[in-house]
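Undergrad: To start, I am sharing the structure in question, which I have written as structure tokens.
Nothing in this text is a laboratory measurement; each read-out follows from the coordinates by a stated rule. As the structure is a prediction and not an experimental result, all values here were calculated from the model. Reconstructed Cβ throughout: ideal geometry from the backbone, glycine too, with neighbour counts over all protein chains shown.
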Amino acid sequence: GAVVSQHPSWVICKSGTSVKIECRSLDFQATTMFWYRQFPKQSLMLMATSNEGSKATYEQGVEKDKFLINHASLTLSTLTVTSAHPEDSSFYICSATPGRAGYNEQFFGPGTRLTVL
Amino acid sequence: AQSVTQLGSHVSVSEGALVLLRCNYSSSVPPYLFWYVQYPNQGLQLLLKYTSAATLVKGINGFEAEFKKSETSFHLTKPSAHMSDAAEYFCAVSGSARQLTFGSGTQLTVLP
């Protein structure tokens with residue numbers, strides 16, 4: 001149980017285009033989903049927290065107009081990188097947490113490798 | 001606010017030797033603590049978690065960690081390293097906001 005999938009697993013796009021990444025909780029309802037960014041040989045940096053049906057909360061320094069997050073259902077969140085540029089190339093990982101109070105475990109997706117040419 | 005410090009960005013051990021990966025945390029509330037493992041180009045897999053129950057936590061693949069409040073530590077150990085343990089390991093802390101704060105990671109190399 002507690003499986004999270006991401007699609008696509010890797011994507012290559014041209015500079016200026018937009019890319020959408022999907023994050024799905026396959027066997028549980030995720031009241032909260034998180035999006036992380038990871039540069040090579042570095043740790044995960046939280047980009048934003050999204051709760052189903054409400055606007056995402058972005059971390060300081062993350063451009064919300066560039067990284068659009070939608071959490072329209074309890075099993076799906078999407079991250080859209082708009083007008084992507086080479087510096088947006090990174091490994092994007094989502095995680096999801098079920099709605100159990102007092103227990104903060106997050107279940108991680110396998111990640112999406114974005115390369116912007 | 002929470003923070004995590006992982007001492008040693010790279011640790012090398014011989015196969016069969018003890019694995020010790022260090023993690024110290026800072027938290028303004030009673031913390032939840034986690035160890036995750038990441039293999040290249042993959043997401044994170046949970047090794048073990050501390051959620052205020054037993055201070056000695058046993059996880060998967062023979063790993064365990066001990067929560068020491070007096071030392072604000074949550075070090076990860078394994079008695080005998082295996083080649084398949086070579087990976088990146090992350091310690092993380094979570095407070096009341098459900099957000100995880102990760103340490104900088106420790107790359108474990110297992111030598112034959």
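Undergrad: I'm checking my understanding of the structure. Among residues of segment A:34-44 that are away from chain B (no Cβ under 11 Å) and part of a strand (DSSP E or B), which one is nearest to residue A:57 (Cα to Cα)?
TA: Ranking the candidates gives A:35 first.
Undergrad: So in segment A:51-60, with the set limited to residues that are more than 12 Å from every other protein chain (Cβ to nearest Cβ) and surrounded by 14 or more Cβ atoms within 10 Å (Cβ to Cβ), which one is farthest from the chain's Cα centre (by Cα)?
TA: Out of the qualifying residues, it is A:52.
Undergrad: I would also like to ask the following. Out of all the residues in segment B:67-85, which are among the aliphatic types (A, V, I, L, M) and either within 15 Å of residue B:4 (Cα to Cα) or surrounded by 14 or more Cβ atoms within 10 Å (Cβ to Cβ) (or both)?
TA: Across segment B:67-85, the qualifying residues are B:76, B:81.
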